[in-house]
Amino acid sequence: MKKTKTICAIFALVALNSIVSPKVLTQTELSDFSSILENPVAGKEVVVRGKIIKRIEGSPDYVLSDGTNHMIIHFEEESYSYEPDTMVEVSGIVRLETHHEEEAGHNHPEQEVEIRVNQIQVITANE
């Protein structure tokens, strides 16, 4: 009986740590921007780290950069406000948006990759 209580206590501590730990997102392997952009898979869960470049005007979305590539991170609501150059870690789902551009009678579909944000964490200099 004592052994069972000890095991339950350990599981409770592990569960509590996963809820309150500021490093929850980093327990999942980080994806690099180039692999997501070169081979996007709609619906794939990813974790990326980068700097907020700017907010897209009239939208709850932001442009995120890893220093080389840019990607849009999409929020369902406009309840977040981040300043440019804020380092963040984003957990979310890859979405593919197709835009059609007409040029001299030709239809050119262009696919834009964005991440629908499930969770975001601001990264401080010592993390």
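General remarks:
- Test for residue 24: is it touching a helix residue (DSSP H, G or I) at 6+ places or on another chain (Cβ under 8 Å) and modelled with pLDDT under 90: yes
Residue by residue, here is whether (1) within 17 Å of residue 112 (Cα to Cα); (2) in contact with a Phe, Trp or Tyr (Cβ under 9 Å, 6 or more places away or on another chain); (3) part of a loop (DSSP other than H, G, I, E, B) holds:
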| position | (1), (2), (3) |
| --- | --- |
| 42 | yes, no, yes |
| 72 | yes, yes, no |
| 79 | no, no, yes |
| 89 | no, no, no |
| 92 | yes, no, no |
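- The residues of the stretch 96-114 that are within 16 Å of the chain's Cα centre (by Cα) and either more than 14 Å from residue 61 (Cβ to Cβ) or at pLDDT 95 or above (or both) amount to a single one, 96.
The values are calculated or read from the model by the stated rules, or taken from the named source; none is laboratory data. Since the model is a prediction, treat every value here as computed from it, not as a measurement. Here the Cβ is made from the backbone with ideal geometry for all residues, glycine too, and neighbour counts use every protein chain on show.
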